[in-house]
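Since the structure comes first, as C-alpha coordinates, the remarks are kept for the end.
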Amino acid sequence: MSDDRKLGFFALVALVVGSMIGGGVFSLPSDIAQGAHPGAILLGWLITGVGMISLALVYQSLASRKPDLDGGVYSYARAGFGEYIGFNSAWGYWISAWLGTVAFITLLFGAIGYFFPVFGEGNNLASILGGSLILWGVHFLALRGVREAALVNLVTTIAKLVPLIVFLVLVTLGFKADLFSSDFWGTGGAFEWSSVMAQVKSTMMVTLWVFIGIEGAVVVSGRAKNRKDVGTATLVGLVGTLIIYVLVSITSLGVMARGDLVGLPNPTTAYILESVVGPWGATLINLGLIVSLLGAILGWTLLAAETPYVAAKDGVLPRLFAKENANGAPVASLWITNGLIQIFLVLILFSSGTYQAVYTIASAAILIPYMFSALYQFKLVVTGETYGPEESRVGDLAIGAIASVYSFWLIYAAGLDYLLMCAVLYAPGAFFFWKAKYESGKSAFSPSNFLISGGLSVAAVLALTLMYKGVISPL
Ligand SMILES: NC(=[NH2+])NCCC[C@H](N)C(=O)O
(Lines give C-alpha, C1' and ligand atoms only; values in the text may rest on other atoms or scores of the structure.)
Protein backbone atom coordinates (compact mmCIF):
# COMPACT_ATOMS: atom_id res chain seq x y z
CA MET A 1 0.00 0.00 0.00
CA SER A 2 1.39 3.41 -0.91
CA ASP A 3 2.29 5.68 1.94
CA ASP A 4 -0.46 8.26 1.42
CA ARG A 5 -3.06 5.54 1.97
CA LYS A 6 -1.53 4.81 5.36
CA LEU A 7 -3.27 6.20 8.39
CA GLY A 8 -2.26 8.26 11.37
CA PHE A 9 -3.39 7.61 14.91
CA PHE A 10 -6.74 9.42 14.91
CA ALA A 11 -7.75 8.15 11.50
CA LEU A 12 -7.07 4.64 12.78
CA VAL A 13 -9.18 5.16 15.88
CA ALA A 14 -11.99 6.50 13.69
CA LEU A 15 -11.76 3.46 11.45
CA VAL A 16 -11.87 1.08 14.39
CA VAL A 17 -14.91 2.86 15.84
CA GLY A 18 -16.53 3.05 12.41
CA SER A 19 -16.21 -0.65 11.76
CA MET A 20 -18.06 -1.53 14.95
CA ILE A 21 -20.74 1.16 15.23
CA GLY A 22 -23.38 0.58 12.56
CA GLY A 23 -27.03 0.86 13.46
CA GLY A 24 -27.27 -1.14 16.65
CA VAL A 25 -26.52 1.73 18.99
CA PHE A 26 -29.53 3.66 17.72
CA SER A 27 -31.98 1.29 19.37
CA LEU A 28 -29.64 0.18 22.12
CA PRO A 29 -31.27 1.90 25.15
CA SER A 30 -34.59 0.13 24.71
CA ASP A 31 -33.19 -3.19 23.45
CA ILE A 32 -30.94 -3.54 26.43
CA ALA A 33 -33.66 -2.44 28.86
CA GLN A 34 -36.14 -4.90 27.41
CA GLY A 35 -35.25 -7.58 29.93
CA ALA A 36 -33.04 -5.72 32.37
CA HIS A 37 -32.98 -2.91 34.92
CA PRO A 38 -30.08 -0.47 35.45
CA GLY A 39 -28.06 -2.61 37.86
CA ALA A 40 -28.12 -5.64 35.60
CA ILE A 41 -27.41 -3.49 32.55
CA LEU A 42 -24.25 -2.19 34.20
CA LEU A 43 -23.18 -5.73 35.09
CA GLY A 44 -23.91 -6.77 31.50
CA TRP A 45 -21.60 -4.06 30.23
CA LEU A 46 -18.89 -5.10 32.64
CA ILE A 47 -18.97 -8.68 31.33
CA THR A 48 -19.18 -7.50 27.73
CA GLY A 49 -16.32 -5.05 28.19
CA VAL A 50 -13.98 -7.66 29.64
CA GLY A 51 -15.02 -10.26 27.07
CA MET A 52 -14.79 -7.99 24.04
CA ILE A 53 -11.45 -6.50 25.01
CA SER A 54 -10.08 -10.02 25.40
CA LEU A 55 -11.51 -11.03 22.06
CA ALA A 56 -9.98 -7.99 20.36
CA LEU A 57 -6.63 -8.78 21.95
CA VAL A 58 -6.95 -12.35 20.70
CA TYR A 59 -7.45 -11.09 17.16
CA GLN A 60 -4.56 -8.72 17.56
CA SER A 61 -2.25 -11.42 18.81
CA LEU A 62 -3.35 -13.88 16.12
CA ALA A 63 -2.84 -11.26 13.41
CA SER A 64 0.76 -10.77 14.47
CA ARG A 65 1.58 -14.42 15.25
CA LYS A 66 -0.10 -15.89 12.21
CA PRO A 67 0.18 -13.21 9.51
CA ASP A 68 -0.14 -15.83 6.78
CA LEU A 69 -3.70 -16.69 7.91
CA ASP A 70 -5.32 -13.75 6.18
CA GLY A 71 -8.56 -15.39 5.07
CA GLY A 72 -10.55 -13.70 7.80
CA VAL A 73 -11.87 -15.14 10.99
CA TYR A 74 -12.54 -18.56 9.53
CA SER A 75 -8.92 -19.30 8.72
CA TYR A 76 -8.09 -19.50 12.44
CA ALA A 77 -10.72 -22.14 13.04
CA ARG A 78 -9.42 -24.09 10.07
CA ALA A 79 -5.79 -23.88 11.10
CA GLY A 80 -6.59 -24.93 14.64
CA PHE A 81 -9.32 -27.49 14.28
CA GLY A 82 -9.37 -28.81 10.73
CA GLU A 83 -11.27 -28.17 7.54
CA TYR A 84 -14.78 -29.00 8.64
CA ILE A 85 -14.69 -26.80 11.74
CA GLY A 86 -13.09 -24.14 9.53
CA PHE A 87 -15.86 -24.58 7.05
CA ASN A 88 -18.53 -24.17 9.73
CA SER A 89 -16.89 -20.98 10.93
CA ALA A 90 -16.93 -19.52 7.44
CA TRP A 91 -20.50 -20.63 6.98
CA GLY A 92 -21.63 -19.12 10.29
CA TYR A 93 -19.78 -15.90 9.70
CA TRP A 94 -21.39 -15.63 6.30
CA ILE A 95 -24.88 -16.25 7.71
CA SER A 96 -24.34 -13.66 10.38
CA ALA A 97 -23.08 -11.13 7.86
CA TRP A 98 -26.01 -11.38 5.49
CA LEU A 99 -28.62 -11.71 8.23
CA GLY A 100 -27.12 -8.53 9.64
CA THR A 101 -27.88 -6.84 6.37
CA VAL A 102 -31.48 -8.04 6.58
CA ALA A 103 -31.68 -6.49 10.05
CA PHE A 104 -30.12 -3.27 8.81
CA ILE A 105 -32.66 -2.99 6.01
CA THR A 106 -35.59 -3.21 8.41
CA LEU A 107 -33.96 -0.67 10.72
CA LEU A 108 -33.29 1.61 7.75
CA PHE A 109 -36.95 1.65 6.83
CA GLY A 110 -37.89 2.17 10.44
CA ALA A 111 -35.86 5.37 10.25
CA ILE A 112 -37.25 6.37 6.85
CA GLY A 113 -40.69 5.64 8.29
CA TYR A 114 -40.28 8.60 10.63
CA PHE A 115 -40.46 10.87 7.59
CA PHE A 116 -42.71 8.73 5.43
CA PRO A 117 -45.21 6.84 7.58
CA VAL A 118 -46.07 4.34 4.81
CA PHE A 119 -42.94 2.44 5.80
CA GLY A 120 -44.23 1.87 9.31
CA GLU A 121 -41.76 0.03 11.48
CA GLY A 122 -39.62 -1.16 8.59
CA ASN A 123 -41.17 -4.60 8.17
CA ASN A 124 -44.33 -3.93 6.16
CA LEU A 125 -44.89 -4.38 2.43
CA ALA A 126 -43.68 -0.89 1.47
CA SER A 127 -40.49 -1.37 3.44
CA ILE A 128 -39.75 -4.77 1.98
CA LEU A 129 -40.24 -3.39 -1.53
CA GLY A 130 -38.03 -0.41 -0.78
CA GLY A 131 -35.47 -2.64 0.93
CA SER A 132 -35.36 -4.95 -2.06
CA LEU A 133 -34.70 -1.99 -4.31
CA ILE A 134 -31.76 -0.93 -2.16
CA LEU A 135 -30.48 -4.48 -1.96
CA TRP A 136 -30.35 -4.91 -5.72
CA GLY A 137 -28.91 -1.43 -6.15
CA VAL A 138 -26.04 -2.40 -3.87
CA HIS A 139 -25.78 -5.71 -5.70
CA PHE A 140 -25.43 -3.88 -8.99
CA LEU A 141 -22.70 -1.63 -7.57
CA ALA A 142 -20.85 -4.64 -6.21
CA LEU A 143 -21.01 -6.42 -9.57
CA ARG A 144 -19.42 -3.36 -11.12
CA GLY A 145 -16.48 -3.95 -8.81
CA VAL A 146 -17.20 -1.14 -6.33
CA ARG A 147 -15.06 -1.30 -3.19
CA GLU A 148 -15.51 0.47 0.11
CA ALA A 149 -14.14 3.95 -0.42
CA ALA A 150 -12.36 6.02 2.20
CA LEU A 151 -14.75 8.87 1.50
CA VAL A 152 -17.79 6.70 2.25
CA ASN A 153 -16.21 5.69 5.53
CA LEU A 154 -15.51 9.27 6.45
CA VAL A 155 -19.03 10.46 5.65
CA THR A 156 -20.76 7.60 7.45
CA THR A 157 -18.50 7.87 10.50
CA ILE A 158 -19.38 11.55 10.86
CA ALA A 159 -23.05 10.84 10.18
CA LYS A 160 -23.22 8.41 13.08
CA LEU A 161 -20.97 10.15 15.56
CA VAL A 162 -22.48 13.63 15.39
CA PRO A 163 -26.02 12.56 16.34
CA LEU A 164 -24.65 10.26 19.03
CA ILE A 165 -22.62 13.03 20.63
CA VAL A 166 -25.54 15.45 20.49
CA PHE A 167 -27.70 12.74 22.01
CA LEU A 168 -25.27 12.12 24.85
CA VAL A 169 -24.87 15.78 25.73
CA LEU A 170 -28.58 16.63 25.70
CA VAL A 171 -29.82 13.46 27.33
CA THR A 172 -27.20 13.80 30.05
CA LEU A 173 -28.44 17.34 30.72
CA GLY A 174 -31.97 16.01 31.15
CA PHE A 175 -30.85 13.11 33.36
CA LYS A 176 -32.85 12.58 36.55
CA ALA A 177 -31.02 10.47 39.08
CA ASP A 178 -34.14 9.40 40.98
CA LEU A 179 -35.80 8.16 37.79
CA PHE A 180 -32.67 6.18 36.96
CA SER A 181 -32.32 4.58 40.36
CA SER A 182 -35.96 3.74 41.01
CA ASP A 183 -35.96 -0.05 41.08
CA PHE A 184 -32.26 -0.30 40.32
CA TRP A 185 -32.12 -4.13 40.50
CA GLY A 186 -35.60 -4.75 39.13
CA THR A 187 -36.52 -6.65 42.26
CA GLY A 188 -38.53 -3.89 43.87
CA GLY A 189 -35.77 -3.63 46.44
CA ALA A 190 -32.52 -5.40 47.20
CA PHE A 191 -30.19 -7.38 45.00
CA GLU A 192 -31.37 -10.90 44.22
CA TRP A 193 -28.86 -13.18 42.61
CA SER A 194 -31.13 -15.26 40.37
CA SER A 195 -33.27 -12.42 39.10
CA VAL A 196 -30.28 -10.22 38.36
CA MET A 197 -28.41 -12.98 36.54
CA ALA A 198 -31.43 -13.67 34.35
CA GLN A 199 -31.56 -9.97 33.53
CA VAL A 200 -27.85 -9.84 32.75
CA LYS A 201 -28.22 -12.84 30.47
CA SER A 202 -31.00 -11.10 28.57
CA THR A 203 -28.68 -8.26 27.56
CA MET A 204 -25.98 -10.45 26.03
CA MET A 205 -27.19 -10.80 22.44
CA VAL A 206 -27.80 -7.04 22.34
CA THR A 207 -24.35 -6.07 23.53
CA LEU A 208 -22.86 -8.68 21.22
CA TRP A 209 -24.68 -7.27 18.21
CA VAL A 210 -23.31 -3.77 18.69
CA PHE A 211 -19.76 -5.13 18.85
CA ILE A 212 -19.93 -7.29 15.74
CA GLY A 213 -17.25 -5.99 13.42
CA ILE A 214 -14.63 -6.13 16.15
CA GLU A 215 -12.78 -8.80 14.16
CA GLY A 216 -12.46 -6.41 11.22
CA ALA A 217 -11.59 -3.48 13.44
CA VAL A 218 -8.39 -5.23 14.42
CA VAL A 219 -7.45 -5.96 10.84
CA VAL A 220 -7.82 -2.38 9.63
CA SER A 221 -5.05 -1.38 11.99
CA GLY A 222 -2.72 -3.06 9.52
CA ARG A 223 -2.96 0.22 7.64
CA ALA A 224 -1.15 2.16 10.33
CA LYS A 225 1.58 4.58 9.36
CA ASN A 226 3.51 3.59 12.48
CA ARG A 227 3.47 -0.01 13.64
CA LYS A 228 3.49 1.17 17.23
CA ASP A 229 0.10 2.90 16.73
CA VAL A 230 -1.69 -0.34 15.95
CA GLY A 231 -2.21 -1.69 19.44
CA THR A 232 -3.05 1.63 21.07
CA ALA A 233 -5.41 2.74 18.31
CA THR A 234 -7.36 -0.50 18.46
CA LEU A 235 -7.66 -0.30 22.22
CA VAL A 236 -8.59 3.39 22.25
CA GLY A 237 -11.20 2.79 19.53
CA LEU A 238 -12.60 -0.16 21.38
CA VAL A 239 -12.79 1.46 24.78
CA GLY A 240 -14.19 4.63 23.18
CA THR A 241 -16.95 2.61 21.54
CA LEU A 242 -17.68 0.83 24.80
CA ILE A 243 -17.99 4.17 26.62
CA ILE A 244 -20.40 5.49 24.00
CA TYR A 245 -22.53 2.35 24.31
CA VAL A 246 -22.59 2.39 28.09
CA LEU A 247 -23.47 6.07 28.22
CA VAL A 248 -26.18 5.87 25.55
CA SER A 249 -27.88 3.00 27.34
CA ILE A 250 -27.48 4.36 30.86
CA THR A 251 -28.37 8.02 30.35
CA SER A 252 -31.59 7.10 28.55
CA LEU A 253 -32.88 5.43 31.69
CA GLY A 254 -32.63 8.79 33.43
CA VAL A 255 -34.91 10.64 31.02
CA MET A 256 -37.66 8.13 30.40
CA ALA A 257 -39.30 5.46 32.51
CA ARG A 258 -38.12 2.00 31.55
CA GLY A 259 -41.66 0.92 30.74
CA ASP A 260 -42.05 3.73 28.20
CA LEU A 261 -38.59 3.18 26.76
CA VAL A 262 -39.18 -0.41 25.74
CA GLY A 263 -42.41 0.47 23.95
CA LEU A 264 -40.81 2.95 21.54
CA PRO A 265 -40.58 2.26 17.80
CA ASN A 266 -37.18 1.86 16.06
CA PRO A 267 -34.81 3.66 16.12
CA THR A 268 -35.64 4.33 19.72
CA THR A 269 -32.87 6.89 20.36
CA ALA A 270 -34.68 9.22 17.96
CA TYR A 271 -37.79 9.19 20.12
CA ILE A 272 -35.82 9.46 23.33
CA LEU A 273 -34.05 12.57 22.10
CA GLU A 274 -37.36 13.90 20.78
CA SER A 275 -38.85 13.60 24.24
CA VAL A 276 -36.06 15.78 25.58
CA VAL A 277 -35.64 18.45 22.88
CA GLY A 278 -38.59 18.15 20.54
CA PRO A 279 -38.94 16.91 16.95
CA TRP A 280 -35.62 18.19 15.62
CA GLY A 281 -33.90 15.64 17.83
CA ALA A 282 -35.63 12.77 16.07
CA THR A 283 -34.91 14.32 12.68
CA LEU A 284 -31.21 14.55 13.44
CA ILE A 285 -30.94 10.97 14.68
CA ASN A 286 -32.94 9.51 11.83
CA LEU A 287 -30.98 11.36 9.15
CA GLY A 288 -27.66 10.32 10.67
CA LEU A 289 -28.83 6.75 10.97
CA ILE A 290 -30.04 6.60 7.38
CA VAL A 291 -26.65 7.72 6.06
CA SER A 292 -24.79 5.42 8.43
CA LEU A 293 -26.89 2.42 7.47
CA LEU A 294 -26.55 2.98 3.74
CA GLY A 295 -22.78 2.80 4.19
CA ALA A 296 -23.03 -0.19 6.51
CA ILE A 297 -25.32 -2.08 4.14
CA LEU A 298 -22.82 -1.59 1.32
CA GLY A 299 -19.86 -2.57 3.48
CA TRP A 300 -21.46 -5.67 4.98
CA THR A 301 -22.83 -6.85 1.65
CA LEU A 302 -19.34 -6.74 0.16
CA LEU A 303 -17.95 -8.51 3.19
CA ALA A 304 -20.73 -11.10 3.20
CA ALA A 305 -20.03 -12.05 -0.40
CA GLU A 306 -16.29 -12.09 0.23
CA THR A 307 -16.51 -14.78 2.92
CA PRO A 308 -17.70 -17.75 0.82
CA TYR A 309 -15.52 -16.52 -2.03
CA VAL A 310 -12.38 -16.84 0.09
CA ALA A 311 -13.52 -20.17 1.52
CA ALA A 312 -14.17 -21.49 -2.00
CA LYS A 313 -10.69 -20.48 -3.08
CA ASP A 314 -9.36 -22.54 -0.19
CA GLY A 315 -11.44 -25.50 -1.31
CA VAL A 316 -13.88 -25.72 1.60
CA LEU A 317 -16.84 -24.40 -0.39
CA PRO A 318 -17.79 -25.42 -3.95
CA ARG A 319 -15.81 -23.79 -6.74
CA LEU A 320 -18.88 -21.90 -7.92
CA PHE A 321 -18.49 -19.43 -5.04
CA ALA A 322 -15.00 -18.51 -6.27
CA LYS A 323 -16.24 -17.38 -9.66
CA GLU A 324 -15.32 -13.82 -10.64
CA ASN A 325 -16.75 -11.55 -13.30
CA ALA A 326 -14.78 -9.23 -15.59
CA ASN A 327 -14.66 -6.59 -12.85
CA GLY A 328 -13.10 -9.00 -10.40
CA ALA A 329 -16.27 -9.17 -8.30
CA PRO A 330 -17.27 -12.55 -6.78
CA VAL A 331 -20.30 -12.79 -9.01
CA ALA A 332 -21.81 -16.14 -7.95
CA SER A 333 -21.25 -15.43 -4.30
CA LEU A 334 -22.93 -12.04 -4.67
CA TRP A 335 -25.97 -13.53 -6.37
CA ILE A 336 -26.39 -16.29 -3.83
CA THR A 337 -25.82 -14.03 -0.83
CA ASN A 338 -28.18 -11.33 -2.01
CA GLY A 339 -30.72 -13.91 -3.12
CA LEU A 340 -30.78 -15.21 0.46
CA ILE A 341 -31.19 -11.68 1.82
CA GLN A 342 -34.14 -11.24 -0.53
CA ILE A 343 -35.73 -14.49 0.65
CA PHE A 344 -35.37 -13.42 4.26
CA LEU A 345 -36.89 -10.04 3.55
CA VAL A 346 -39.95 -11.82 2.24
CA LEU A 347 -39.98 -14.19 5.24
CA ILE A 348 -39.98 -11.17 7.53
CA LEU A 349 -42.97 -9.78 5.77
CA PHE A 350 -44.92 -12.98 6.29
CA SER A 351 -43.81 -13.65 9.85
CA SER A 352 -43.84 -9.94 10.80
CA GLY A 353 -40.31 -10.52 12.01
CA THR A 354 -38.67 -7.54 13.64
CA TYR A 355 -35.28 -5.90 13.43
CA GLN A 356 -34.58 -7.18 16.95
CA ALA A 357 -35.43 -10.79 16.14
CA VAL A 358 -33.28 -10.84 13.02
CA TYR A 359 -30.22 -9.36 14.66
CA THR A 360 -30.51 -11.77 17.56
CA ILE A 361 -30.17 -14.63 15.08
CA ALA A 362 -27.25 -12.83 13.42
CA SER A 363 -25.59 -12.45 16.83
CA ALA A 364 -26.12 -16.09 17.74
CA ALA A 365 -24.73 -17.23 14.39
CA ILE A 366 -21.42 -15.42 14.83
CA LEU A 367 -20.67 -17.18 18.10
CA ILE A 368 -19.14 -20.23 16.42
CA PRO A 369 -16.47 -18.27 14.50
CA TYR A 370 -15.73 -16.14 17.58
CA MET A 371 -15.47 -19.14 19.83
CA PHE A 372 -13.05 -21.00 17.58
CA SER A 373 -10.84 -17.93 17.21
CA ALA A 374 -10.56 -17.73 20.98
CA LEU A 375 -9.93 -21.46 21.26
CA TYR A 376 -7.24 -21.25 18.59
CA GLN A 377 -5.39 -18.63 20.63
CA PHE A 378 -5.71 -20.92 23.60
CA LYS A 379 -4.37 -23.83 21.58
CA LEU A 380 -1.32 -21.85 20.41
CA VAL A 381 -0.44 -21.06 23.99
CA VAL A 382 -0.87 -24.64 25.16
CA THR A 383 1.13 -26.20 22.33
CA GLY A 384 3.69 -23.40 22.42
CA GLU A 385 3.44 -22.94 18.65
CA THR A 386 4.84 -19.52 17.58
CA TYR A 387 6.24 -18.92 21.09
CA GLY A 388 9.96 -18.80 21.80
CA PRO A 389 11.27 -21.01 24.64
CA GLU A 390 11.86 -18.03 26.94
CA GLU A 391 8.81 -16.06 25.87
CA SER A 392 6.11 -15.47 28.47
CA ARG A 393 2.75 -16.87 27.50
CA VAL A 394 0.84 -15.74 30.57
CA GLY A 395 -0.80 -12.71 28.96
CA ASP A 396 -1.93 -14.64 25.90
CA LEU A 397 -3.12 -17.51 28.03
CA ALA A 398 -5.28 -15.06 29.98
CA ILE A 399 -6.87 -13.39 26.95
CA GLY A 400 -7.40 -16.73 25.20
CA ALA A 401 -9.02 -18.20 28.29
CA ILE A 402 -11.22 -15.18 29.05
CA ALA A 403 -12.36 -14.86 25.43
CA SER A 404 -13.17 -18.60 25.36
CA VAL A 405 -15.14 -18.46 28.59
CA TYR A 406 -16.95 -15.38 27.32
CA SER A 407 -17.96 -17.17 24.14
CA PHE A 408 -19.21 -20.23 26.04
CA TRP A 409 -21.26 -17.94 28.25
CA LEU A 410 -22.70 -16.22 25.19
CA ILE A 411 -23.74 -19.53 23.70
CA TYR A 412 -25.55 -20.31 26.93
CA ALA A 413 -27.05 -16.81 27.02
CA ALA A 414 -28.27 -17.04 23.42
CA GLY A 415 -30.92 -19.44 24.66
CA LEU A 416 -32.38 -22.57 23.16
CA ASP A 417 -34.73 -20.89 20.65
CA TYR A 418 -31.96 -19.06 18.91
CA LEU A 419 -29.50 -21.94 19.05
CA LEU A 420 -32.06 -24.16 17.39
CA MET A 421 -32.71 -21.50 14.77
CA CYS A 422 -28.96 -21.43 14.13
CA ALA A 423 -28.92 -25.20 13.73
CA VAL A 424 -31.45 -24.79 10.93
CA LEU A 425 -29.12 -22.34 9.22
CA TYR A 426 -25.91 -24.29 9.87
CA ALA A 427 -27.16 -27.78 8.97
CA PRO A 428 -27.49 -27.33 5.17
CA GLY A 429 -23.83 -26.35 5.12
CA ALA A 430 -22.84 -30.02 5.23
CA PHE A 431 -24.08 -30.47 1.69
CA PHE A 432 -21.91 -27.63 0.41
CA PHE A 433 -18.88 -28.93 2.26
CA TRP A 434 -19.43 -32.38 0.82
CA LYS A 435 -19.76 -30.86 -2.66
CA ALA A 436 -16.51 -28.94 -2.26
CA LYS A 437 -14.65 -32.07 -1.22
CA TYR A 438 -16.27 -34.09 -3.99
CA GLU A 439 -15.05 -31.55 -6.55
CA SER A 440 -11.49 -32.13 -5.47
CA GLY A 441 -11.93 -35.89 -5.25
CA LYS A 442 -11.63 -36.08 -1.48
CA SER A 443 -13.99 -37.57 1.05
CA ALA A 444 -15.67 -35.04 3.29
CA PHE A 445 -16.83 -37.00 6.25
CA SER A 446 -14.50 -38.50 8.74
CA PRO A 447 -16.34 -40.09 11.67
CA SER A 448 -16.10 -36.87 13.69
CA ASN A 449 -17.35 -34.69 10.83
CA PHE A 450 -20.17 -37.12 10.35
CA LEU A 451 -21.07 -36.86 14.00
CA ILE A 452 -21.10 -33.04 13.96
CA SER A 453 -23.19 -32.77 10.82
CA GLY A 454 -25.51 -35.50 12.04
CA GLY A 455 -26.03 -33.67 15.32
CA LEU A 456 -26.72 -30.43 13.50
CA SER A 457 -29.26 -32.12 11.26
CA VAL A 458 -31.11 -33.66 14.17
CA ALA A 459 -31.22 -30.28 15.91
CA ALA A 460 -32.43 -28.64 12.71
CA VAL A 461 -35.26 -31.13 12.25
CA LEU A 462 -36.24 -30.70 15.88
CA ALA A 463 -36.19 -26.93 15.47
CA LEU A 464 -38.33 -26.98 12.35
CA THR A 465 -40.84 -29.25 14.05
CA LEU A 466 -41.04 -26.98 17.07
CA MET A 467 -41.40 -23.92 14.85
CA TYR A 468 -44.12 -25.59 12.83
CA LYS A 469 -45.96 -26.44 16.03
CA GLY A 470 -45.52 -22.88 17.22
CA VAL A 471 -43.58 -23.92 20.33
CA ILE A 472 -40.69 -21.65 19.40
CA SER A 473 -40.81 -18.64 17.12
CA PRO A 474 -37.41 -17.03 16.84
CA LEU A 475 -38.30 -14.78 13.90
N1 LIG B 1 -23.47 -8.78 10.08
C2 LIG B 1 -23.67 -7.55 10.16
N3 LIG B 1 -24.16 -6.88 9.14
N4 LIG B 1 -23.34 -6.99 11.29
C5 LIG B 1 -23.48 -5.66 11.56
C6 LIG B 1 -22.79 -5.34 12.80
C7 LIG B 1 -23.63 -4.52 13.68
C8 LIG B 1 -22.92 -3.38 14.24
N9 LIG B 1 -22.03 -3.75 15.28
C10 LIG B 1 -23.94 -2.37 14.72
O11 LIG B 1 -23.91 -1.93 15.82
O12 LIG B 1 -24.83 -2.01 14.01
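The values are calculated or read from the model by the stated rules, or taken from the named source; none is laboratory data. What you see is a predicted model, and the numbers here were worked out from it, not measured in a lab. Using ideal geometry, Cβ is built from the backbone for each residue, glycine included, and neighbour counts are taken over all protein chains shown. The protein model used for the area step is the full one, side chains on, heavy atoms only, and it has no ligands, DNA or RNA in it. Shrake-Rupley method; radii C 1.70, N 1.55, O 1.52, S 1.80 Å.
Couple of notes before you dig in:
- Carbon/sulfur fraction of accessible area - the stretch 291-366, other protein chains in place, 1.4 Å, %: 68 percent
- The stretch 160-309 shape via C-alpha gyration tensor axes, a/c threshold 1.5: prolate
- The distance linking the stretch 110-188 with the stretch 1-79 is 19 Å (Cα centroid to Cα centroid, whole angstrom).
- Global geometry of the stretch 1-71, whether rounded, prolate or oblate, following the gyration tensor of its Cα atoms and the 1.5 cut on a/c: prolate
- Scanning the chain for trypsin sites (Lys or Arg not before Pro) that sit in a DSSP loop and have at most 16 other Cβ atoms within 10 Å, the longest stretch containing none of them is 7-143.
- Long-range HN-HN contacts of Asp314 with modeled amide H, under 5 Å: none
- Accessible solvent surface per residue of the chain, calculated while the other protein chains remain in place, 1.4 angstrom probe, Å²: 41 Å²
- Listed by chain and number, the lysines whose alpha-carbon sits under 27 Å from that of Lys201, ignoring those within fewer than 8 places in the same chain, are Lys176, Lys469.
- Amide H contacts of Ala224 (H built 1.01 Å from N, in plane; Pro and chain starts excluded): Leu7 sit under 5 Å, all sequence-distant by 5 or more or on other chains.
- Cα gyration tensor of the stretch 364-475 - equivalent ellipsoid semi-axes, whole Å, descending: 32, 22, 9
- Computed over the stretch 332-376, the P(r) curve from all C-alpha pair distances, binned at 5 Å from the origin, holds 5, 18, 17, 21, 18, 13, 7, 2, 0 percent per bin.
- Per-residue Karplus couplings for the stretch 441-454, computed as 6.51 cos²θ - 1.76 cosθ + 1.60 with θ equal to phi - 60°, are listed in order as x, 10, 8, 8, 10, 5, x, 6, 4, 4, 5, 4, 5, x Hz, Gly and Pro entered as x.
- A simple rule links phi to the HN-Hα coupling: the Karplus curve 6.51 cos²θ - 1.76 cosθ + 1.60 with θ = phi - 60°, which for the stretch 137-149 gives x, 5, 4, 4, 4, 5, 4, 6, x, 5, 10, 5, 9 Hz, with x for Gly and Pro.
- Listed values for the stretch 305-322 are Karplus-derived 3J(HN,Hα) couplings in whole Hz (6.51 cos²θ - 1.76 cosθ + 1.60, θ = phi - 60°), namely 6, 5, 4, x, 4, 5, 5, 5, 4, 7, x, 9, 10, x, 3, 3, 5, 8, and x replaces Gly and Pro.
- Projected area, mean over directions - the stretch 3-412, Cα convex hull, nm²: 20.4 nm²
- Relative contact order (%) - criterion: Cα under 8 Å, at least six apart; region: the chain: 30 percent
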